[in-house]
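A short worksheet on the structure shown next.
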Amino acid sequence: MSHSGGSRDEAAWPSRTYAWLVVAALVVAALVAYIDRQVVAIVVDPMKADLGVNDAEIGWLYGVFAVFYAIAALPIAWLADRRSRKLIIAAGIFFWSLMTMACGVSRTFWQVLLARIGVGVGEATLSPATTSLVGDFFPREQVPVAMSVYQAGPIMGSGVAFIIGGYVLGLVQDAPPLVLPVFGELAPWQQTFVYVGAPGLLLALLFVFLREPARRGVEQGRGGTLSELAAFYRQNFKALAMHHLGFLALVLAGYAFVFWSVSFFVRVHGLEAPEASLTFGWIFLIAGPLGPVVVAVLARRLSARGAKDANILAGMIGGFLAIVNIVVIQFAPSAFWAFVLYVPAMLLINAPFGIAAGALPVITPPNLRAQVAAVYLFVSALGMMLGPPIAGAFNEYVFPDADGVRYSLVTVSSVFGLLGVVLLQFGRKPYAASLEAADRRDG
C-alpha cells in the first residue's frame, strides 16, 4: 500500500508557524460551519409555531442536513485527494453560508428542509479536505494533536452559535420587523439565520489566498483509487469498523444532547430561549474546546508509555465520563445546578471527537487520507442525522409531558453512549495492530 514517489523524502515540511496559521484558519472555518449548523437548535420553538410542525419533524431539519453532508463527502473527498484542497474549502464555505441565509428567507418547512440540504453539501467539503491538508503540513506523529486542535473549531462554533444565536434572537424579538425586497417581512427566527450566515461569504475569500502544501508519499495529484481504498479497509477491517461504529454511537448521543439542551432549559426549568441559549453557549465555548485537547494530551502520554491503542483508549475514557455526566444533569434540582453540571459535560461530550479524527491519518496511507476521512464522516453523520430526531420522537411519543425531554436524553445517552464505549473496547487491539503496520509501511 505504500507509494514511493519521492515527494515525501524530497520536500521540506512547511514552516511550523505557517502550518499552525493554516490550522487556525481551519479552526475559524469549522467555527463558522458549526454556527450555521447549530443555529436551528436555538429557534426550535418559534419555528414550530410558524411552520406548524412537531418535535420529530424539527429534528429532521438536522437529520436531512446530516444525510446530504455524509453523501456529498465521498465524491468531495475523491476530489480532495487530487485537486486543490484550499479551493474546495473556499467553495464550500461560500455555498453553505448562502444556504444558511436561504433558511432565513424560507416560508415553509419544505423550503427550510431544502436549504438545510444545501448547508450539508457545503459543509461536507471541510472535513475531508482538512484531513488531507493537515497530513501534508505536519509530520505523522504530530497529526493527532493538530487534528485535535482543529476540532476545537467545531466545538467553539457550537458555543458561539448558541451565544450569537441567543443574542440575535433576543435582539430581533424586540426590534421592528425586517422587510426585504422580494422576500418580504422576516420573523425573528428567520432574521437569525440571515445574520449568522452572512459572515461566511467573506471568510471564503481567505482560503483562496492560502498556500497549498506539497502532497507527500504520492505523485503530485495522484489520489488513491477506490480499489486501493477497499483493499485498505479489508486489511484493517476490524480496527476501522470498531472505530467508525463506536464513535458513531457517541456522536448520536452527543448530538441528541446538544440539540435539545436549550429546549431542556426552556421546558424543564422555565427559562426563556435567549437566556438559556446565551448561558449554554458561553459554557460550551469555554469548556468545550478543552475536551479534545485534554484527550489528545492523554493519548500522547499513553502512547509515550508504549500503548499502541492510546488514541482509542483515550476516546473511550472521554466518552464514558460524558455519558455519566449527561445522565446526572437531567436530575439537577434547578437551572443553576444544571448549568454548573454542564461545565464538565461540555468538556467531556466533545472530548472523544478530536482523537477520533486524529486516529485515522496516522494509520492511513497519504493518498487515501481524505477518502478514509470521508468514509468516517459518512458513518458518523448517521449519528448527527439520527440523534436529534430519535430524541425528538421520544419527546413526542414516549415522554410527552412538558419535562419529558429529560427522560428522552437519559434514554438516548445511556443506550447509545454505552454502546459506543463497548465497540471502542473491541477495537483497541485491532487498532494497535494497524498502527504497527503503518509504522512498518512508513518507516
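At least 1 residues being within 30 Å of R441 (Cβ to Cβ) is the threshold, and among the helices (runs of 4 or more DSSP H) wholly inside region 169-286 those reaching it are 226-235, 237-259.
Residue-wise test of (1) assigned to a helix (DSSP H, G or I); (2) at pLDDT below 80; (3) farther than 14 Å from L126 by Cβ; (4) over 20 Å from the mean Cα position of the chain (by Cα).
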residue	(1), (2), (3), (4)
Y18	yes, no, yes, yes
V22	yes, no, no, no
V28	yes, no, no, no
L31	yes, no, no, no
I35	yes, no, no, no
V40	yes, no, yes, no
M47	yes, no, yes, yes
G63	yes, yes, yes, no
A73	yes, no, no, no
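In summary, A391 fulfils each of the numbered conditions (1) open to solvent by 10 Å² or more (accessible area, probe 1.4 Å); (2) touching a residue at least 40 places away in the same chain (Cβ under 8 Å); (3) of a type in the set (A, V, I, L, M, F, W, C) with the single exception of condition (1).
Residues that are open to solvent by 10 Å² or more (accessible area, probe 1.4 Å), at pLDDT 90 or above and either closer than 19 Å to V145 by Cβ or touching a Lys or Arg at 6+ places or on another chain (Cβ under 9 Å) (or both): does region 333-343 have at least one? The answer is no, given that none of the residues of region 333-343 is open to solvent by 10 Å² or more (accessible area, probe 1.4 Å), at pLDDT 90 or above and either closer than 19 Å to V145 by Cβ or touching a Lys or Arg at 6+ places or on another chain (Cβ under 9 Å) (or both).
Quick one: how many residues across region 394-409 are open to solvent by less than 30 Å² (accessible area, probe 1.4 Å) and among the hydrophobic types (A, V, I, L, M, F, W, C)? Number satisfying all stated conditions: 2.
Taking the criterion of being under 18 Å from the mean Cα position of the chain (by Cα) and aliphatic (A, V, I, L, M), the residues of region 363-406 that qualify are A370, V372, A373, A374, V375, L377, V379, A381, L382, M384, M385, L386. Against the numbered list (1) closer than 30 Å to M385 by Cβ; (2) more than 22 Å from the chain's Cα centre (by Cα); (3) part of a helix (DSSP H, G or I); (4) not polar (S, T, N, Q), R107 comes up short only at (3).
Filtered by the rule that a residue be open to solvent by 20 Å² or more (accessible area, probe 1.4 Å) and modelled with pLDDT of 85 or more, region 367-381 gives V375, Y376, V379. Of all the listed residues (Q191, Q151), the sole one being touching a strand residue (DSSP E or B) at 6+ places or on another chain (Cβ under 7 Å) and touching a residue at least 60 places away in the same chain (Cβ under 8 Å) is Q191. Checking the stated criteria, F68 turns out not to satisfy the condition of being farther than 29 Å from A391 by Cβ and open to solvent by 40 Å² or more (accessible area, probe 1.4 Å).
Only one of the listed residues (I312, I329) is surrounded by fewer than 24 Cβ atoms within 10 Å (Cβ to Cβ), at pLDDT 85 or above and either under 17 Å from the mean Cα position of the chain (by Cα) or aliphatic (A, V, I, L, M) (or both). That residue is I329. Filtering L419, L386 for residues that are assigned to a helix (DSSP H, G or I), under 18 Å from A66 (Cα atoms) and open to solvent by 30 Å² or more (accessible area, probe 1.4 Å) leaves a single hit, L386. Picking from A357, A299, which residue would you name as being under 22 Å from G157 (Cβ atoms), out of contact with any strand residue (DSSP E or B) (no Cβ under 7 Å at 6 or more places or on another chain) and aliphatic (A, V, I, L, M)? Matching residue, one of A357, A299: A357. Scanning region 19-40 for residues that are open to solvent by 30 Å² or more (accessible area, probe 1.4 Å) and out of contact with any Pro (no Cβ under 9 Å at 6 or more places or on another chain) yields W20, L21, A24, V28. Scanning region 104-123 for residues that are within 26 Å of A374 (Cα to Cα) and open to solvent by less than 30 Å² (accessible area, probe 1.4 Å) gives V112, L113, A115, R116, G118, V119, G120, G122, E123.
Can you say whether D55 is surrounded by 19 or more Cβ atoms within 10 Å (Cβ to Cβ), modelled with pLDDT under 80 and over 17 Å from the mean Cα position of the chain (by Cα), as far as the supplied structure shows? Yes: the conditions hold for D55.
Residues checked against (1) open to solvent by 20 Å² or more (accessible area, probe 1.4 Å); (2) not charged (D, E, K, R):
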residue: F265; (1), (2): no, yes
residue: G270; (1), (2): yes, yes
residue: L278; (1), (2): yes, yes
residue: A296; (1), (2): no, yes
residue: R300; (1), (2): yes, no
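Here E141 meets the list (1) part of a helix (DSSP H, G or I); (2) touching a helix residue (DSSP H, G or I) at 6+ places or on another chain (Cβ under 7 Å); (3) charged (D, E, K, R) almost entirely, failing just condition (2).
The values are calculated or read from the model by the stated rules, or taken from the named source; none is laboratory data. Just so we're clear, the structure is a prediction, and the values are computed from it rather than from any experiment. In this analysis, Cβ positions are derived from the backbone assuming ideal geometry, glycine residues included, and neighbour counts consider all displayed protein chains. In case anyone asks, the SASA skips ligands and DNA or RNA and just uses the protein heavy atoms, side chains included. Shrake-Rupley method; radii C 1.70, N 1.55, O 1.52, S 1.80 Å.
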